Amino acid sequence: MKRIVVIGGGPGGYVAAIRAAQLGAEVRLVESEHIGGTCLNVGCIPTKALLHAAELYHAVTHGASHGIKAGNVTVDWQAVLARKRAVVTRLVRGVEGLLKANGVTVHRGPGALAGPRAVAVGGENPVTLEADAIILATGSEPVRLNFPGHDLPGVIDSTAALALPAVPASLAIVGGGVIGVEFAALYRAFGAEVTVIEMLPQILPPVDGEIAALVRAHLAKQGIKFLTGARLDEVKQAANGLTAIVAAGDQSEEITAEKILIAVGRRPRTAGLGLEAAGVALERGRVTVDANFATNIPGVYAIGDVNGLIMLAHAASAQGIAAVEHALGHRAAYHGHTIPACIYTSPEVAGVGLTEETAKARGLAYHTGIFPLAGNGKALIESGGTGQVKIIAGAKHGEILGVHIFGPRATDLIAEAALALRLEATVDELITTIHAHPTVSEAIGEAALAVTGAAIHWPPARKS
Ligand code: NAI
């Protein structure tokens, strides 16, 4: 029986462990903190629990236009946090149960390579585990900036932002990426004054530029202030909180806020893993891997955030499955171009495949089709028709290259687009797939029609 040791119990590591056990391996999982990793404990799940509460609050306080009037609605923040904790605890216990049911042995303590085929587990019950293959799945940690004032109380990271004792009256967020934008939406919905400070000219850099601009305009309408092309120089203590000194072009701005959240990216967690001694190759802090997620040391794999390829939970899970299948001699399949990216604002944002910017940069001949959600009945009912679906397709064969959605249920709808990419579907195949009415998914068929200039529920562009 082959022995697999997985270091790290996040969505990369625990999924890899379960898959390896399914394939008949003797599996040990080493975890120094909580099973579920960043995703379950201080990432995806708790943020979405808080964002869901924010959505409910917004729905009851803005229901009048739908004929729902509620008086004296209050937020019991401690109860909001308690519900978040309850969801997290339930999911963590669920994953622990799954590991047990699959016969995976969990070792509590920090794990490090003790040679190419051994892992040393520290902590209260130190032990050395022999392995035929080792999966590094240690994830990532927030990038820290060393500006003057970085250590003042009130300067926080995303973990602290998930457990603030109260909704802050004001919040400045450094970094207009996914974390920055989700927290901006969250705390704005609960009434905080929010300013986002982003270094680049646009927020959400990897998102299709047209969609990112729509999201920014929508969030600005909700009262979030954006400073783009702006760099944080310093944070100073102020009488009523903290003051961020920000350079924007040749201007200097001062933003005073109760808390300052730093969300400028995450970096692979590699310290203390014994990588150097074992000779594992790194490049700019990331463990380098080949197409099977194997490192340069035979039998040692690195999956998820620690290899820095794409920092998303579902990508880590898919990589974990592919890595253990390869390690156990199976033919693994990993289709990286089908990984969707989702942002849980209200309405949501989701995309898969190439953005228009990437298609252009690669010199591809392509067409786009855009369907505004103002032309979709269900989107109109749910969120006033804000947003759009955009499809990028090859000019010659009509193959789907990318799909980008800003609108209600975008994060669920994107699954159809991911499948379209996996099956190498064409615009015609999306058009002839019948979408149920009334659903927001109809807009995907309409955007495919728009690629051919023939959307049904949107007027044709005027011919000049
Ligand atoms: P990010 O890479 O998405 O965004 C960081 C932003 O900070 C960028 O826009 C960058 O230009 C900006 N920035 C960097 N240095 C700066 C500075 N000194 N001043 C101002 N702006 C600066 O990283 P983020 O948002 O921290 O997220 C980390 C990872 O977690 C990402 O890979 C993200 O995809 C993932 N994540 C995914 C979520 C989801 O799938 N819904 C939710 C949250 C995070």
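The values are calculated or read from the model by the stated rules, or taken from the named source; none is laboratory data. Small disclaimer: the values here were computed from a predicted structure and weren't measured. Positions of Cβ are generated from backbone atoms using ideal geometry, with glycine treated the same way; all protein chains shown enter the neighbour counts.
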Next item on the list: Determine whether residue 129 is farther than 26 Å from residue 85 by Cα and either within 16 Å of the ligand (Cβ to nearest atom) or out of contact with any helix residue (DSSP H, G or I) (no Cβ under 9 Å at 6 or more places or on another chain) (or both).
Entry: yes
Looking at segment 267-287, can you tell me whether even one residue there is touching a Lys or Arg at 6+ places or on another chain (Cβ under 6 Å) and surrounded by fewer than 18 Cβ atoms within 10 Å (Cβ to Cβ)? yes
Within segment 174-202, restricting to residues that are closer than 18 Å to residue 407 by Cβ and within 12 Å of the ligand (Cβ to nearest atom), the one that is farthest from the chain's Cα centre (by Cα) is 185
Of the conditions (1) in a helix (DSSP H, G or I); (2) of a type in the set (Ser, Thr, Tyr); (3) away from the ligand (no atom under 14 Å from the Cβ), the single one that residue 256 does not satisfy is (1)
Of those in segment 137-159 that are more than 11 Å from the ligand (Cβ to nearest atom) and without any contact (Cβ under 8 Å) to a residue 12 or more places away in the chain, the residue nearest to residue 316 (Cα to Cα) is 151
Picking from 415, 393, 410, 425, the residue that is within 16 Å of the ligand (Cβ to nearest atom), over 30 Å from residue 26 (Cβ atoms) and buried (at least 17 other Cβ atoms within 10 Å of the Cβ) would be 410
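Looking at residue 280, is it in a loop (DSSP other than H, G, I, E, B) and at pLDDT 95 or above? Walk me through it before giving the result.
Details: in a loop (DSSP other than H, G, I, E, B): yes; at pLDDT 95 or above: yes.
Judged against the criteria, residue 280 is a match.
Could you tell me whether segment 274-285 includes any residue that is within 16 Å of the ligand (Cβ to nearest atom) and hydrophobic (A, V, I, L, M, F, W, C)?
There is no residue in segment 274-285 that is within 16 Å of the ligand (Cβ to nearest atom) and hydrophobic (A, V, I, L, M, F, W, C).
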Within segment 408-418, restricting to residues that are more than 17 Å from the chain's Cα centre (by Cα) and in contact (Cβ under 8 Å) with a residue 60 or more places away in the chain, the one that is farthest from residue 383 (Cα to Cα) is 417
### Message
Given the criteria exposed (fewer than 15 other Cβ atoms within 10 Å of the Cβ) and within 27 Å of residue 372 (Cβ to Cβ), does residue 185 qualify?
### Response
no
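With respect to residue 184, determine if the residue is in a helix (DSSP H, G or I) and touching a strand residue (DSSP E or B) at 6+ places or on another chain (Cβ under 8 Å). Steps first, please.
On the way: in a helix (DSSP H, G or I): yes; touching a strand residue (DSSP E or B) at 6+ places or on another chain (Cβ under 8 Å): yes.
Answer is yes for this residue.
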When segment 109-126 is checked residue by residue, the ones that are surrounded by fewer than 17 Cβ atoms within 10 Å (Cβ to Cβ) and closer than 18 Å to residue 33 by Cβ are 109, 122, 123, 124, 125, 126
Checked segment 308-344 for anything touching a strand residue (DSSP E or B) at 6+ places or on another chain (Cβ under 8 Å), within 16 Å of the ligand (Cβ to nearest atom) and touching a residue at least 40 places away in the same chain (Cβ under 8 Å); matches are 308, 311, 338, 339, 340, 341, 342, 343
